[in-house]
Number of protein chains: 2
Amino acid sequence: MASFVESFWGERNNGFDVLYHNMKHGHLSTKDLADFIRERATIEEAYSRSMTKLAKSASNYTQLGTFAPVWDVFKISTEKVASCHLELVRKLQELIKEVQKYGDEQIKAHKKTKEEVSGTLEAMQNIQSIIQALQKSKENYNTKCVEQERLKKEGATQREIDKAAIKSKKATDTYKLYVEKYGAAKSDFEKKMTETAQKFQDIEEMHLLHMKKIVESLSNTVKEIHIQIGQVHEEFINNMANTTVESLIQKFAESKGTGKERPGHIEFEECDTASAVEGIKP
Amino acid sequence: MASFVESFWGERNNGFDVLYHNMKHGHLSTKDLADFIRERATIEEAYSRSMTKLAKSASNYTQLGTFAPVWDVFKISTEKVASCHLELVRKLQELIKEVQKYGDEQIKAHKKTKEEVSGTLEAMQNIQSIIQALQKSKENYNTKCVEQERLKKEGATQREIDKAAIKSKKATDTYKLYVEKYGAAKSDFEKKMTETAQKFQDIEEMHLLHMKKIVESLSNTVKEIHIQIGQVHEEFINNMANTTVESLIQKFAESKGTGKERPGHIEFEECDTASAVEGIKP
């Protein structure tokens, strides 16, 4: 498996920069994740609000006719779906707070790490500048040697040859010094970079673990609410099954019925003249 | 169980009106149901659009750092949720068409029914007007009888008594006629109203069955899409489980790695003056 300790060396010795910036990008991804959850919460809130409005529509539909009681079933179910989504919003907002808290901790931890790895940054800058100086001193050494040899071959004066020998000796010493310095810088950088690469990998592993936990928390919440919504659907299906055609017919007949008495039998009623006339004054 | 044939009689004989209007309200509830499904479809479409936007956000988040590949997991899952809701919209729109078709059929059926029950309406109006006339003729009969008796008692002239007797006889005939007419109207109305109440109940039962089928279709569709969304969640959870910390570390090391070669060993290299000087022109 490719690891940080293995993969961030190379000719230009700039693996440190890549790993350091990667750590900083870790904070960006935390902010992105908070944004993602926030946008999702906004969507769920809008959906919940629309569902509440739909539930109100259901109660505004005609309360006349046999079908009227069914709107209550719709209203209750739609309100419940709305409140499930609102519950999701509430839980997502809690999660956002956690993510933000983690983001703040990250900033502090990165600041601390920056200080801790400053030695490695210096070691990297040191080896980079020594490599340049070494290259230069080697070139100078070669030039001076060749110059000394040329003078010898061309039969220059002893004074000229001696002067060139001094220059050559000085170039050799410088070159040797940088070879030595390089050896020390290389060993220092290799040691520090190995430690730091491992540190960056540890930081990254911790970061990814933390992010995965947040994502897990998100998907658990979404799943949980999804199950609740499923229960609301089941409840709706059951309520509809219980709202039978017979019960609706009966409910209407009972509430809107005009009476059970059919038109009565009417017979000719003879006038009771005796009592009627009694009341008449003579 | 309270039925229409039992419950829509009563003194005022206006059960017919209540049942006729109830049938008409059946069409209103069909329109309401179409409106309800349409509003739901609009909500789902808005949700789907927001989710598509959220998926785009996910792909716009930082592509730097070890967490970057996770955004693809989010993007794919969010797009799938969006397309589930869009599928729901499509199915709801199909259902709205069915509801509208049923509403149109209802209008035609109600028109036909109106013609078929016109005889019952007339029978109802007939019995209502006969009851009024009967009441009036009875009162008139009583008045005339009393009048005749009064004249007799007060010892009026024979001529006056005869005249009152003619009036009384006429009132008696009218009263008897209405008693007879009422008998016929009652029997006609009772027969027709019984048939019509049953017809209205049949219509209502058919209507409620049809409405319940539409609602069933609606809840099946919602349930089906709910299951699909659940599968998308499961897939997301699995994909996240497969996106291990190790794999993310490895992916980053492989794609952003700067090289596996540590700084090399450097030794002092003696100048090869012989070959260097050879090239120098004397």
Farthest toward positive dipole pole in the range B:11-258 [+1 Lys/Arg, -1 Asp/Glu at C-beta], among B:145, B:241, B:225: B:145
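Residue B:6 to residue B:121: FRET efficiency via 1/(1 + (r/R0)^6), r the Cβ-Cβ distance, R0 22 Å, to the nearest 0.05?
The calculated FRET efficiency here is 0.65.
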Solvent accessible area, Å² - residue B:47, 1.4 Å probe, full protein context: 10 Å²
Charge-dipole axis of the range B:11-258 as Lys and Arg at +1 and Asp and Glu at -1 on Cβ define it, positive-most pick from B:182, B:103, B:61: B:182
P(r) tail fraction, the range A:165-225 - alpha-carbon pairs more than 14 Å apart, %: 74 percent
Ordering A:210, B:207 from largest to smallest accessible area (1.4 angstrom probe), what's the sequence? A:210, B:207
Compactness of the protein assembly as shown as Cα Rg over 2.2 N^0.38 Å, two decimals: 2.03
Over all directions, the average projected area of the alpha-carbon convex hull for the range B:45-132 comes to how many nm²? 9.3 nm²
Placing one identical point scatterer on every Cα of the range B:107-202 and ignoring solvent, what is log10 I(q)/I(0) from the Debye formula at q = 0.18, 0.20, 0.25 Å⁻¹? -0.81, -0.90, -1.12
Per-residue average of Cβ from other chains inside 10 Å of A:243-256: 5
Of B:84, B:113, B:129, which is farthest towards the positive pole of the range B:83-132's charge dipole, taken about the Cα centre with +1 and -1 on the beta-carbons of Lys, Arg and Asp, Glu respectively? B:84
I'd like the Kirkwood hydrodynamic radius of the range B:131-278, using the inverse of the mean 1/r over distinct C-alpha pairs, in Å. 27.5 Å
Name the most mobile residue of B:250, B:198, B:231, meaning the one with the largest mean-square fluctuation, in a Gaussian network model of chain B with Cα contacts below 10 Å. B:250
Treating only Lys and Arg (+1) and Asp and Glu (-1) as charged, each at its beta carbon, one finds that chain B has a dipole about its Cα centre, in Debye to the nearest 20, of 2640 debye
Stokes-Einstein translational diffusion, the range A:4-278 - Kirkwood Rh over all Cα pairs, 1.002 mPa s, 20 °C, in µm²/s: 77 µm²/s
Per the helix-only calculation at 222 nm, which mean residue ellipticity applies to the protein assembly as shown, given -39500 (n - 2.57) for every DSSP H run of n ≥ 4 and division by its residues, nearest 500 deg cm²/dmol? -31000 deg cm²/dmol
Percent of Cα pairs exceeding the 13 Å cut-off, where the set is the range B:6-47: 65 percent
Could you give the distance between the Cα centres of the range A:1-30 and the range A:248-275, to the whole Å? 95 Å
Length-normalised contact order for chain B - Cα pairs under 8 Å, 6+ apart - percent: 29 percent
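The values are calculated or read from the model by the stated rules, or taken from the named source; none is laboratory data. Computed from a prediction, not measured in an experiment: that's the story for all the values here. Reconstructed Cβ throughout: ideal geometry from the backbone, glycine too, with neighbour counts over all protein chains shown. In case anyone asks, the SASA skips ligands and DNA or RNA and just uses the protein heavy atoms, side chains included. Shrake-Rupley method; radii C 1.70, N 1.55, O 1.52, S 1.80 Å.
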